[in-house]
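Comments concern the structure below.
Please treat every number below as a calculation from the coordinates, not as lab data. Everything quoted here is computed from the prediction, not taken from an experiment. When we count neighbours, we look across all protein chains shown, and the Cβ atoms used for this are built from the backbone with ideal geometry, even at glycine.
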Amino acid sequence: MGKQGGGNDFPHAPSGLGGGVRHERHREVSVGRGEDHPPHIRLFQPADWPACWAIIGPILKAGETYPQPPETSEAAARQWWIDDHRAVYVAELEGVVVGTYYLTDNKPGLGSHVANAGYMVGPAAQGRGVGRAMGIHSLSAARELGYQALQFNLVVTTNQASIRIWDDLGFSRVGTLPKAFRHAKHGLVDALVMYKWLDGDGGR
């Protein structure tokens with residue numbers, strides 16, 4: 001998901017909050033690009049929060065990829081990223097947390113079979129395949145949590161790096177939202193809705 005203040009490889013925004021953290025166990029998947037060791041991706045633990053905040057805070061402050069207010073406090077960020085989502089993960093390189101992502105219901109009730117996700121990557125991981133690895137990992141994790149599809153509601157079009165990743169992973173661009181994001185540098189810019197069906201071949 002331009003990269004500034006944390007190198008967010010995946011700039012889509014969340015929509016629809018789950019009912020708190022429900023960290024179901026499932027097998028871990030090791031993925032990544034060949035030029036580096038694959039990151040180790042695992043479920044978030046409370047001790048990971050300082051490292052996660054060091055990634056999340058600058059990305060929100062930059063105002064380029066997420067709609068949360070740039071002045072979001074640490075407490076509010078933790079409530080949003082950790083407490084409001086169904087499962088939260090971290091990516092490690094050499095034992096250091098360099099990325100994090102969450103999965104949650106995109107909508108409640110009759111829409112809860114579709115997941116939403118948010119991803120952030122720290123500056124130490126730029127160019128090392130961590131963003132792509134978390135994207136691939138999240139597809140497997142979403143299936144194991146029982147989701148049938150994954151939807152991104154606000155993929156900011158100024159961040160072409162993330163869009164290329166989602167295209168590569170088989171997401172469909174199902175719509176464009178004109179001037180839906182107020183970018184800190186570029187003003188009003190378009191955003192994409194992207195969607196991938198996970199349950200066999202019956203989706204788009």
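Structure summary
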item: Where labels lie 7 Å past Cα in the beta-carbon direction, separation of residue 169 and residue 42 in nm; result: 2.2
item: Residues with amide H under 5 Å from that of residue 149, placed H, sequence gap 5 or more; result: 115, 198
item: FRET efficiency, residue 199 to residue 73 (Cβ-Cβ, R0 45 Å, nearest 0.05); result: 0.70
item: Greater than 25 Å apart at Cα, pairs in 61/179; 107/196; 61/196; result: 61/196
item: Positive-pole candidate from 117, 96, 63, dipole of the stretch 40-148, charges at beta carbon; result: 117
item: Exposure proxy order (Cβ contacts within 10 Å, fewest to most) of 64, 74, 144; result: 74, 144, 64
item: Karplus (6.51, -1.76, 1.60) ³J(HN,Hα), θ = phi - 60°, over the stretch 54-59, in Hz, Gly and Pro reported as x; result: 5, 8, 5, x, x, 5
item: Relative intensity, log₁₀ I(q)/I(0), of the stretch 40-148 from a Debye sum that treats every alpha carbon as a point, q = 0.18 Å⁻¹; result: -0.90
